[in-house]
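Novice: One structure follows; several queries about it will come next.
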Amino acid sequence: MTQILSEVYLDYSDILIRPKMGINLNSRKDVNLQRLFKFKHGQTRTGLGVFNANMAVDEIGEFIKSARAENIPLDNLFITIGLKNIDDEIQKLKDLESKYDWKSPRNICIDAPNFYIQKALDVLSRVRTDFPDAVIMAGNIASGDICLKLLDYADIIKCGIGSGSACLTRKQTGCGTPMVSLILECADIAHSVGGHICADGGIVDVGDICKALCLNADFVMAGGMFAGTDEAEGDVIEKHYETSEIIDDKPVIQTKYFKQYYGMSSEYANNKFAGGMGNYKTSEGRELLIPYTGALDKILQDITGGIASCCTYIGATSVKHLSKCATIIQVHNQLNKVFEKYSV
Ligand code: 5GP
């Protein structure tokens, strides 16, 4: 018989982090935003733990070259492969080694919209065999039951199905799990065996990143939040709109700027990377024009500033201590949106 679990599963918009008296932190500058991650399969890395959504292996060679030229550190760069043609994907990773001198530290993300298939587990164990010293992130999943199985080979499990801003999975398949409950469930299981989790998708505001970290996510991945920046793929698109304001008998024209953002399972991405939709798939991703947001640095400062400020509200001296210090409350209203349409 089909069962309905009656416990309510919560999302970021259903909760807030309650400020409280704790260790006296006088300034956001006193907060340590660096964390040391010790991974299940032996490696260590340091960083804040916020990822931009995946970049395909085809595009990465040139990125490595230009990052090296600009002295951008690559220790925390994850290279993403999919499940299709695993021999080709492994070969591409090995080519990166020979052509671009991509050696340790190696970080690999095995990305599949649905990791609940045997092929995904086969690819994961094969990648672990071929790259024993890599940090491997694998996903996506949306329940705790599969976590231990993945952690036999993976270091980080990517959690989240259906919550992404360009995602149509919930509409097209009815499948998914709200992020807050999912993070709690998966983090608990993964941490019990020394594994880590990455909360992927559904970040609307920096506050949601803070919530994910407070709930015990080790990493957070966001796509839409970075997709409007100068550094994201694609050109800035300019659009002109007539407003209701009239000057000299003519409507005032307003100019707005956008960038293209598309889901990796959208028809657009399927045509670009996977040779089309075939006659058996439905599109589970959207193609969007989202507001242009300018330099990536500005968003990064918002993120680090927001996390540091969250730490001061709850008395956490370091980002690592957020989950220890946080009290989470369930709410009906989390934001006051009364002037939202007047935003400039
Ligand atoms: P966002 O931060 O934009 O809310 O979510 C980013 C995440 O959405 C990605 O890391 C990825 O897991 C997921 N995603 C990206 N493209 C698609 C898609 O086409 N379909 C689905 N179901 N998820 C997607």
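The values are calculated or read from the model by the stated rules, or taken from the named source; none is laboratory data. Only a predicted model underlies this, so the values are computations on that prediction, with no experimental measurement involved. Cβ sites come from the backbone with ideal geometry, for glycine too, and all protein chains shown count toward neighbours.
Novice: Looking at (1) over 30 Å from PRO132 (Cα atoms); (2) surrounded by fewer than 15 Cβ atoms within 10 Å (Cβ to Cβ), find the lone condition where THR46 falls short.
Specialist: Every listed condition holds for THR46 apart from (1).
Novice: Would you mind stating whether ASP205 is charged (D, E, K, R), more than 17 Å from MET137 (Cα to Cα) and more than 9 Å from the ligand (Cβ to nearest atom)?
Specialist: For ASP205, the condition - charged (D, E, K, R), more than 17 Å from MET137 (Cα to Cα) and more than 9 Å from the ligand (Cβ to nearest atom) - is met.
Novice: Something else now. Given the residues ILE117, ILE136, ILE110, ILE141, which is the only one that is hydrophobic (A, V, I, L, M, F, W, C), surrounded by fewer than 22 Cβ atoms within 10 Å (Cβ to Cβ) and modelled with pLDDT of 95 or more?
Specialist: Selected residue: ILE117, the only one of ILE117, ILE136, ILE110, ILE141 that is hydrophobic (A, V, I, L, M, F, W, C), surrounded by fewer than 22 Cβ atoms within 10 Å (Cβ to Cβ) and modelled with pLDDT of 95 or more.
Novice: Name the single residue that is surrounded by the fewest Cβ atoms within 10 Å (Cβ to Cβ) among those in the range 276-292 being away from the ligand (no atom under 13 Å from the Cβ) and in contact (Cβ under 8 Å) with a residue 12 or more places away in the chain.
Specialist: Ranking the qualifying residues of the range 276-292, first place goes to PRO291.
Novice: Have a look at TYR241, TYR268 and point out the one that is within 18 Å of ALA53 (Cα to Cα) and surrounded by 10 or more Cβ atoms within 10 Å (Cβ to Cβ).
Specialist: One residue alone meets the criteria, TYR268.
Novice: Does the range 160-180 contain at least one residue that is under 20 Å from ARG45 (Cα atoms) and either away from the ligand (no atom under 11 Å from the Cβ) or at pLDDT below 95 (or both)?
Specialist: No, the range 160-180 contains no residue that is under 20 Å from ARG45 (Cα atoms) and either away from the ligand (no atom under 11 Å from the Cβ) or at pLDDT below 95 (or both).
Novice: Then there's this: Looking at TYR257, TYR262, which is the one that is touching a Phe, Trp or Tyr at 6+ places or on another chain (Cβ under 6 Å) and within 16 Å of the ligand (Cβ to nearest atom)?
Specialist: It is TYR262.
Novice: For the range 121-153, what are the residues that are within 16 Å of the ligand (Cβ to nearest atom) and either touching a residue at least 60 places away in the same chain (Cβ under 8 Å) or closer than 17 Å to ASN216 by Cβ (or both)?
Specialist: Across the range 121-153, the qualifying residues are MET137, GLY139, ASN140, ILE141, ALA142, SER143.
Here is a yes/no grid of residues against (1) farther than 16 Å from ALA166 by Cα; (2) among the β-branched types (Val, Ile, Thr); (3) touching a helix residue (DSSP H, G or I) at 6+ places or on another chain (Cβ under 6 Å):
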site	(1), (2), (3)
LYS211	yes, no, yes
PHE226	no, no, no
SER244	yes, no, no
TYR261	no, no, yes
GLU284	no, no, yes
PRO291	no, no, no
LEU300	yes, no, no
ALA308	yes, no, yes
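Novice: Could you list, in sequence order, all residues of the range 96-111 that are within 13 Å of GLY61 (Cβ to Cβ) and either within 16 Å of the ligand (Cβ to nearest atom) or without any contact (Cβ under 8 Å) to a residue 12 or more places away in the chain (or both)?
Specialist: Answer for the range 96-111, where residues must be within 13 Å of GLY61 (Cβ to Cβ) and either within 16 Å of the ligand (Cβ to nearest atom) or without any contact (Cβ under 8 Å) to a residue 12 or more places away in the chain (or both): GLU97, SER98, ASP101.
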